[in-house]
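What follows is a set of notes on a single structure, which appears directly below.
The values are calculated or read from the model by the stated rules, or taken from the named source; none is laboratory data. Keep in mind that what you see is a predicted model, and the values were worked out from it rather than measured. A quick note on method: Cβ atoms are made from the backbone with ideal geometry, for glycine too, and the neighbour counts reach across all protein chains shown. What goes into the accessible areas is simple: the full protein's heavy atoms, side chains included, and nothing from ligands, DNA or RNA. Shrake-Rupley method; radii C 1.70, N 1.55, O 1.52, S 1.80 Å.
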Amino acid sequence: MGTLEASGIDDCKFCEIVNNKTDTEILLSDDELVCFRDMKPGATHHYLVIPRMHISNCKTLKMDNIPLVERMEQMGRSILEKNKVCSLDDVRLGFHLPPFSSVPHLHLHALAPASKMNLKSQLRYGQQSYWFITVISLTRGNYFFT
């Protein structure tokens, strides 16, 4: 698997959320994942899905992490559905490539509607972004180390 560490990295904001050490509202969770709103939304609906286990970023993932990424994507789609996003075809689901990750804990961005994102958000999360990789590109591309 990727670089995995027990949740509880002292200076990791997302580990603090996982361990209920903040007042962040958890919208969805299970034994493996947690979902909450992005503090700096890039779209009307902007959620983050993180694993409870600390994983540094998408570049540390291995081939056997594909099921985890797929579960993260499913939770991202679930929160969008729960919040009545009209078209699940008008979403962006993906990760920032290092060094462009704001928090060094793997997190999936789920944004909608993608067609309504402003220019700044398009640059950060859009199809032309050089540092945002979609789940499909990540799982079907050569981004995993073996």
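General observations
- For a label point 7 Å along the Cα-to-beta-carbon line of Ser29, residues of segment 72-86 with backbone N under 15 Å: none
- In segment 72-144, the trypsin sites (Lys or Arg not before Pro) that fall in loop regions by DSSP, at most 11 other Cβ within 10 Å: Lys84
- Rounded percent of accessible protein surface that carbon and sulfur make up, segment 77-139, 1.4 Å probe: 55
- Spread over its residues, the convex hull of the C-alpha atoms of the chain is 105 Å³ per residue.
- Within segment 76-146, chymotrypsin sites (Phe, Trp or Tyr not before Pro) in DSSP loop having at most 12 other beta-carbon neighbours inside 10 Å: Tyr130
- Residue pairs, from the table Lys62/Lys116; Lys21/Lys116; Lys13/Lys59; Lys40/Lys84, whose Cα atoms sit over 25 Å apart: Lys62/Lys116; Lys21/Lys116
- Semi-axis lengths, Å, segment 37-79, gyration tensor of Cα atoms, sqrt of 5 times eigenvalues: 21, 13, 8
- Among the cysteines of the chain, those whose beta-carbon sits 4.7 Å or more from every other cysteine beta-carbon are Cys35, Cys58, Cys86.
- Heavy-atom surface of segment 13-140, accessible at 1.4 Å and reported per residue (Å²): 54
- The mean sequence distance of close C-alpha pairs (under 8 Å, at least 6 residues apart), as a share of the length of the chain, puts its relative contact order at 27 percent.
- Counting only DSSP H runs of at least 4 residues, each contributing -39500 (n - 2.57), and dividing by the residue count of the chain, the helix-based mean residue ellipticity at 222 nm comes to -7000 deg cm²/dmol.
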